[in-house]
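The values are calculated or read from the model by the stated rules, or taken from the named source; none is laboratory data. Remember, predicted model here, so these are calculated numbers, not experimental data. Here the Cβ positions follow ideal geometry from the backbone for every residue, glycine too, while neighbour counts run over all protein chains shown. Quick note on the areas: whole protein, heavy atoms, side chains included, nothing else; ligands and nucleic acids left out. Shrake-Rupley method; radii C 1.70, N 1.55, O 1.52, S 1.80 Å.
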Amino acid sequence: MPPLHPGTKQPLKAEDLYPIFCEEVSRQEMNETDAWIEIPEEVREMYRNYRCTPLVRAYGLEKALGTPAHIYFKNESVSPVGSHKLNSAIAQAYYCKKEGVTNITTETGAGQWGAALSYAAKAFGLDLAVYMVKISYEQKPYRRSIMQTYGAQVIASPSMSTKAGRKILTETPNYTGSLGTAISEAIELAQSTPNCKYTLGSVLNHVTLHQTIIGQEAEKQMEMAGEYPDIVIGCFGGGSNFGGISFPFMRHNLSGERNTRFIAAEPASCPKLTRGVFQYDFGDEAGYTPLLPMFTLGHNFSPANIHAGGLRYHGAGVIVSQLLKDNLMEAMDINQLEAFDAAKIFAESEGIIPAPESSHAIAAAIREANKCKETGEKKVILFNLSGHGLIDMAAYDQYLSGDLTNYALTDEDIAENLAKIEKII
Ligand SMILES: *Cc1c(COP(=O)(O)O)cnc(C)c1O
């Protein structure tokens, strides 16, 4: 289903996106004809600093679980900024630079996207302003320092610097922010600043396209290992790392050659795929973005303050949403304690401390590996390790001291929020 213009509610054209995004990514977003889009040489040159990332057979984890399954993970935590986000940040900064853009804006929740874009902006000589969700700005000061070290300007959102921010602060002075609000602020700044474009680190098609480098490499690496995955797993915020590792494998399902299962692992406290509805909704709180046909909890959904900040988004990418609706993939919800239990087992057995986001994928992989233990099946499981958790040790501290809790979300909470968006289209 097509994205719709938020004003006219007519199907969106690439040109409709030009005032917000640079032209090349706008065209990529709406591209329905090209199966392959070449990676520019300047982008490849930057990729060479950290790619190809390792594909690792998790022998230690297999042994710790006592499973006959073969578990592999693609290690995106080795990028200079510690997550997969850099793959798209480099591409987006490059396209902006090439089109003569001088300033870019964005939002960040946990700070991973902001960190990646700060480095990419510096590499291509762009000035960057980042709206950072206020609660993260206060709770994750090191992420802010990382962005500032790369030379970015970081603003806590909601802020008084935009109409969207002022409106929310007037209504709710103590509001601790959300990704939706930060997106509204960043888009507003991009539209009111000359030669300035907005960028987004997840959800949209072009972001997921850039992330398919993960799955393309993994496909070649699995071939070198002489195996093919029965199950591919990614954690799920807006869908870019999940789509990035899944789509290159999924095309073989679509052509009938393979029958791989694909599992998106989302937090139980922000369960758009497992408990949301499929309908048109805005990507941001203020309603500036196009209307996207997606699984959503409602654009004004305010998720619990879990540590996996990168997974606290109300909606899901359009392609992933359609794939889920058509039963070409599955979704699993994981609560916070199960994610950290999985992180601890993974850290002890593989030596890498995973990001709280990635731990949802690990937890899903462990569930599947434990099923193999019961049935004796030697399934091949591949998951994406989207990032490391070395800047998330405050979260681990809470977990280790027993202070971490699960957040229950009742059906009434979900229904109440969804009722607010029923009549959008
Ligand atoms: C941002 C982030 C995610 C979630 O975003 P997706 O677009 O769903 O991939 C997952 N893991 C890490 C480490 C992140 O930084």
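What the table shows:
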| quantity | calculated |
| --- | --- |
| Any hit, region 275-297, residues being without any contact (Cβ under 8 Å) to a residue 40 or more places away in the chain, in the same structural domain as Ser386 (by TED's automatic domain parsing) and of a type outside the set (Lys, Arg) | yes |
| Any pair with Cβ under 6 angstrom, 6 or more apart, that starts in region 221-233 at a residue that is in the same structural domain as Leu385 (by TED's automatic domain parsing) and ends at one that is open to solvent by 50 Å² or more (accessible area, probe 1.4 Å) | Asp230/Lys379; Ile231/Arg261 |
| Output for region 132-168, where each listed residue is open to solvent by 40 Å² or more (accessible area, probe 1.4 Å), small (Gly, Ala, Ser) and in contact with a helix residue (DSSP H, G or I) (Cβ under 9 Å, 6 or more places away or on another chain) | Gly151, Ser161 |
| Top-ranked residue in region 94-112 [being among the hydrophobic types (A, V, I, L, M, F, W, C) and not in a helix (DSSP H, G or I); ranked as modelled with the lowest pLDDT] | Ala110 |
| Count of region 302-318 residues which are within 12 Å of the ligand (Cβ to nearest atom) and open to solvent by less than 20 Å² (accessible area, probe 1.4 Å) | 7 |
| Only listed residue being within 22 Å of the chain's Cα centre (by Cα) and away from the ligand (no atom under 13 Å from the Cβ), chosen from Lys197, Lys220 | Lys197 |
| All positions within region 360-399 that are at pLDDT 95 or above, within 12 Å of the ligand (Cβ to nearest atom) and over 21 Å from Gly244 (Cβ atoms) | Leu390 |
| Test for Gly351: is it of a type in the set (Gly, Ala, Ser) and open to solvent by 30 Å² or more (accessible area, probe 1.4 Å) | yes |
| Residue within region 23-41 that is under 30 Å from Arg367 (Cα atoms), within 16 Å of the ligand (Cβ to nearest atom), under 22 Å from the mean Cα position of the chain (by Cα) and of a type outside the set (Asp, Glu) present | no |
| So Tyr280, is it surrounded by fewer than 21 Cβ atoms within 10 Å (Cβ to Cβ), assigned to a loop (DSSP other than H, G, I, E, B) and touching a strand residue (DSSP E or B) at 6+ places or on another chain (Cβ under 7 Å) | no |
| Leu61, sole failed condition from (1) buried (at least 18 other Cβ atoms within 10 Å of the Cβ); (2) not assigned by TED's automatic domain parsing to the domain that holds Glu374; (3) not small (Gly, Ala, Ser) | (2) |
| Test: residue in region 143-158 that is part of a loop (DSSP other than H, G, I, E, B) and farther than 24 Å from Ile20 by Cβ | no |
| Candidates Ala115, Ala91, filtered to the one that is small (Gly, Ala, Ser), more than 10 Å from the ligand (Cβ to nearest atom) and at pLDDT 95 or above | Ala91 |
| Complete set of residues in region 169-184 that are part of a helix (DSSP H, G or I) and either open to solvent by 40 Å² or more (accessible area, probe 1.4 Å) or at pLDDT 95 or above (or both) | Leu169, Thr170, Glu171 |
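A quick yes/no check of all residues on (1) open to solvent by 80 Å² or more (accessible area, probe 1.4 Å); (2) within 23 Å of Gly201 (Cβ to Cβ):
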| site | (1), (2) |
| --- | --- |
| Met1 | yes, no |
| Leu4 | no, yes |
| Thr8 | yes, no |
| Lys13 | yes, no |
| Asp16 | no, yes |
| Gln28 | no, yes |
| Ala35 | yes, no |
| Glu42 | yes, yes |
| Met46 | no, yes |
